[in-house]
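Undergrad: Pasting a structure here, questions to come.
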Amino acid sequence: MSGLEVSAEVYPVVTRQMLHNYANASGDQNPIHLDDAVAKQFGLPGIIAHGMLTAAWIADRAQRWVKERSGKEAAWVSVQNRFRTMTLLGDTVSIGGTAQETSEGGVTRWQLELAAKNGRGEVTTTGSLILETQ
Amino acid sequence: MTASTWQSHVGVASSRRTEALELDQITTFATAVSGPNGALRGGVPATYLTKMRSAEFELFSKMGIPLPSILHAEQEYQYLRPLRVGEVLTFEARLIKALEKSGGKLSFLTFQTDFMDTGGAKCAVSVTTVVVRGGGA
């Protein structure tokens, strides 16, 4: 079965304020996302973005794509992300990939394989997502 | 500590915790993860259960792993049914796997958190894999 295209969309540039907001909203106050000195102490180039922030963006892309395609709000079945390389301050990621649609008994299952790529051509994070619409 | 040291922690559970999927916190989260088309509204965001990692953090602490030494390697959420805004979940985490790579320099630890609803039914599962650098400290 061939894949449907999920066109790439560019997500907002990573800023210090964004990471502070995400840390507060998510409860992940790990200092490697907030404090450059601590990040460097632990071998990082400076603060890095939370992997789960990119994961949230990947889910955003998937949910919006299914809504555009089906006209319906989808329910989440599963989400799986792999964090491959770090996202730094000033980075932007572009998120896109492929999808498959299967229907049975009035329920449509959407399976998306998405990747977030940074401005250096690297895949930072991948996502396999399954949603359902009725 | 190396992964082989952590083997003794495999299967040990965190304490049981209870948290609600509160609308105002969900709204704050949705705003913080807004993409180019603004914040998504309605329902519980796909990655919202990342907010309920306190059970995992308790295990990191119990295992003596400093938070800044941890990098997130993989994250999975499985939903047995859609979660409802306002509902209350009870959850606990356990270490399910510990793997050593690069001659002990890296340890991959996998934690599973089961989320139950107020009826005691499992409604979601989180599987988190983290990599801890510097084995043998």
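Undergrad: Only residues that are in a strand (DSSP E or B) and more than 24 Å from B:V44 (Cα to Cα): list them for the range A:104-115, please.
TA: A:E104
Undergrad: A:R69 is checked against (1) more than 20 Å from A:H33 (Cα to Cα); (2) charged (D, E, K, R); (3) surrounded by 17 or more Cβ atoms within 10 Å (Cβ to Cβ) and fails just one. What number does that condition carry?
TA: (3)
Undergrad: Output the number of residues of the range A:75-134 satisfying the condition of being facing chain B (nearest Cβ under 9 Å) and aromatic (F, W, Y).
TA: Going through the range A:75-134 one residue at a time, the tally reaches 2.
Undergrad: Consider A:N81 carefully, then state whether it is open to solvent by less than 40 Å² (accessible area, probe 1.4 Å), within 23 Å of B:Q25 (Cβ to Cβ) and either outside any loop (DSSP other than H, G, I, E, B) or at pLDDT below 95 (or both).
TA: It is true that A:N81 is open to solvent by less than 40 Å² (accessible area, probe 1.4 Å), within 23 Å of B:Q25 (Cβ to Cβ) and either outside any loop (DSSP other than H, G, I, E, B) or at pLDDT below 95 (or both).
Undergrad: Testing A:E122 on (1) open to solvent by less than 60 Å² (accessible area, probe 1.4 Å); (2) under 20 Å from B:E74 (Cβ atoms); (3) not hydrophobic (A, V, I, L, M, F, W, C), one condition comes back false. Which one is that?
TA: (1)
Undergrad: Scan the range A:28-45 for residues that are surrounded by fewer than 17 Cβ atoms within 10 Å (Cβ to Cβ) and charged (D, E, K, R) and jot them down.
TA: Once the filter is applied, which keeps residues that are surrounded by fewer than 17 Cβ atoms within 10 Å (Cβ to Cβ) and charged (D, E, K, R), the range A:28-45 yields A:D35, A:D36, A:K40.
Undergrad: OK, next. Could you grab me the full set of residues in the range A:9-23 that are over 11 Å from B:A32 (Cβ atoms), more than 7 Å from chain B (Cβ to nearest Cβ) and open to solvent by 50 Å² or more (accessible area, probe 1.4 Å)?
TA: If the condition is that a residue be over 11 Å from B:A32 (Cβ atoms), more than 7 Å from chain B (Cβ to nearest Cβ) and open to solvent by 50 Å² or more (accessible area, probe 1.4 Å), then A:V13, A:T15, A:R16 are the ones that fit.
Every residue, every condition in (1) more than 7 Å from chain B (Cβ to nearest Cβ); (2) farther than 23 Å from B:S126 by Cα, yes or no:
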| site | (1), (2) |
| --- | --- |
| A:A25 | no, no |
| A:L34 | yes, yes |
| A:A37 | yes, yes |
| A:I58 | yes, no |
| A:G71 | yes, yes |
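Undergrad: Which members of the range A:39-56 meet the condition of being over 14 Å from the mean Cα position of the chain (by Cα) and more than 9 Å from chain B (Cβ to nearest Cβ)?
TA: A:K40, A:P45, A:G46, A:I47
Undergrad: Would you confirm, using the coordinates I've provided, whether A:E5 is open to solvent by 10 Å² or more (accessible area, probe 1.4 Å), in contact (Cβ under 8 Å) with a residue 40 or more places away in the chain and at the interface with chain B (Cβ under 10 Å from one of its Cβ atoms)?
TA: no
Undergrad: Give me the residue from the range B:69-90 that is hydrophobic (A, V, I, L, M, F, W, C) and more than 25 Å from A:P31 (Cα to Cα) and, out of that set, surrounded by the most Cβ atoms within 10 Å (Cβ to Cβ).
TA: Going through the qualifying residues, I end up with B:L83.
Undergrad: Same structure again: Could we say that A:H50 is open to solvent by less than 10 Å² (accessible area, probe 1.4 Å) and closer than 18 Å to A:T15 by Cα here?
TA: Yes.
Every residue, every condition in (1) in contact with a Lys or Arg (Cβ under 9 Å, 6 or more places away or on another chain); (2) under 21 Å from A:I130 (Cα atoms), yes or no:
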{"residue": "B:H9", "(1), (2)": "yes, no"}
{"residue": "B:T50", "(1), (2)": "no, yes"}
{"residue": "B:E56", "(1), (2)": "no, no"}
{"residue": "B:M63", "(1), (2)": "no, no"}
{"residue": "B:L71", "(1), (2)": "yes, no"}
{"residue": "B:Q75", "(1), (2)": "yes, yes"}
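Undergrad: Still on this structure: Condition (residue is in contact (Cβ under 8 Å) with a residue 24 or more places away in the chain, among the small types (G, A, S), crowded, with 20+ Cβ neighbours inside 10 Å and closer than 18 Å to A:V10 by Cβ) applied to the range A:91-104: is it met by at least one residue?
TA: Yes.
Undergrad: Of all residues in the range B:92-125, which are within 18 Å of B:H9 (Cβ to Cβ), touching a helix residue (DSSP H, G or I) at 6+ places or on another chain (Cβ under 9 Å), assigned to a strand (DSSP E or B) and open to solvent by less than 30 Å² (accessible area, probe 1.4 Å)?
TA: Answer for the range B:92-125, where residues must be within 18 Å of B:H9 (Cβ to Cβ), touching a helix residue (DSSP H, G or I) at 6+ places or on another chain (Cβ under 9 Å), assigned to a strand (DSSP E or B) and open to solvent by less than 30 Å² (accessible area, probe 1.4 Å): B:A93, B:L95, B:A98, B:S107, B:L109, B:F111, B:T113.
Undergrad: Scanning the range B:25-68 for residues that are within 9 Å of chain A (Cβ to nearest Cβ), part of a loop (DSSP other than H, G, I, E, B) and in contact (Cβ under 8 Å) with a residue 40 or more places away in the chain, which turns out surrounded by the fewest Cβ atoms within 10 Å (Cβ to Cβ)?
TA: B:G43
The values are calculated or read from the model by the stated rules, or taken from the named source; none is laboratory data. What you are looking at is a predicted structure, and each value in this text was computed from that prediction instead of being measured. Virtual Cβ from ideal backbone geometry, glycine too; neighbours counted across all protein chains shown. Only protein heavy atoms, including side chains, enter the accessible area calculation; ligands, DNA and RNA are left aside. Shrake-Rupley method; radii C 1.70, N 1.55, O 1.52, S 1.80 Å.
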